């Protein structure tokens, strides 16, 4: 509970200073259990443009951006684009319940209850969104969310799909 509160406070502070950056370097590979019980690895999507979105149900900006992420997933999934939602809560049951009540969310939702993957990606705010090119390298990172980021996401996804 204390960890969730600390992350909530940090997220609120960082979200008020939401920003995006260009990054480079290989995206750390990971494997997590998905909401349908399968193990999913980033390596499964080699050759695709991948968006990895770290989120939590207690994060208001995360909930606000979720319908936009679903729309991006629907729009680009047939073009070699994959969106992976990584939930960072201790108990995946709460996230599963929220998704059921607020869905449909059709992109893979993965659970990182020990925050191992979040640490690999140095997540310091909720949400954090990382865009990975077809070559497996990280290209863009967004810390926090503000309305309108979805337009920037789409611009970056389209640019990566053209490469």
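The values are calculated or read from the model by the stated rules, or taken from the named source; none is laboratory data. Being a predicted model, the structure only gives us computed values, none of them experimental. We place every Cβ from the backbone using ideal geometry, glycine too, and count neighbours over all the protein chains shown.
Within the set of pairs 6 or more residues apart or between chains, which connect a residue that is farther than 12 Å from residue 128 by Cβ inside region 138-149 to a residue that is part of a loop (DSSP other than H, G, I, E, B) with Cβ atoms less than 8 Å apart?
139/23; 139/24; 139/133; 146/18
Kindly indicate whether any position in region 154-162 is under 22 Å from residue 34 (Cα atoms) and outside any loop (DSSP other than H, G, I, E, B).
no
Among the numbered criteria (1) surrounded by 17 or more Cβ atoms within 10 Å (Cβ to Cβ); (2) outside any helix (DSSP H, G or I); (3) at pLDDT below 95, which single criterion is violated by residue 85?
Unmet for residue 85, out of (1) surrounded by 17 or more Cβ atoms within 10 Å (Cβ to Cβ); (2) outside any helix (DSSP H, G or I); (3) at pLDDT below 95: (3).
Of everything in region 64-79 that's free of Cβ contacts under 8 Å to residues at least 60 places away in the same chain and over 12 Å from the mean Cα position of the chain (by Cα), which residue is surrounded by the fewest Cβ atoms within 10 Å (Cβ to Cβ)?
78
If I ask for residues that are within 17 Å of residue 122 (Cα to Cα), surrounded by fewer than 18 Cβ atoms within 10 Å (Cβ to Cβ) and at pLDDT 95 or above, which ones from region 1-58 would you list?
26, 28, 29, 31
If only one of 72, 109 is more than 17 Å from residue 154 (Cα to Cα) and touching a helix residue (DSSP H, G or I) at 6+ places or on another chain (Cβ under 7 Å), which one is it?
Answer to the selection: 109.
For region 32-43, name all the residues that are in a strand (DSSP E or B) and free of Cβ contacts under 8 Å to residues at least 12 places away in the same chain.
39
For a quick check of your reading: which strands (runs of 3 or more DSSP E) sit entirely within region 100-144 and have at least 2 residues that are in contact with a strand residue (DSSP E or B) (Cβ under 9 Å, 6 or more places away or on another chain), over 20 Å from residue 36 (Cβ atoms) and modelled with pLDDT of 95 or more?
128-132, 138-143
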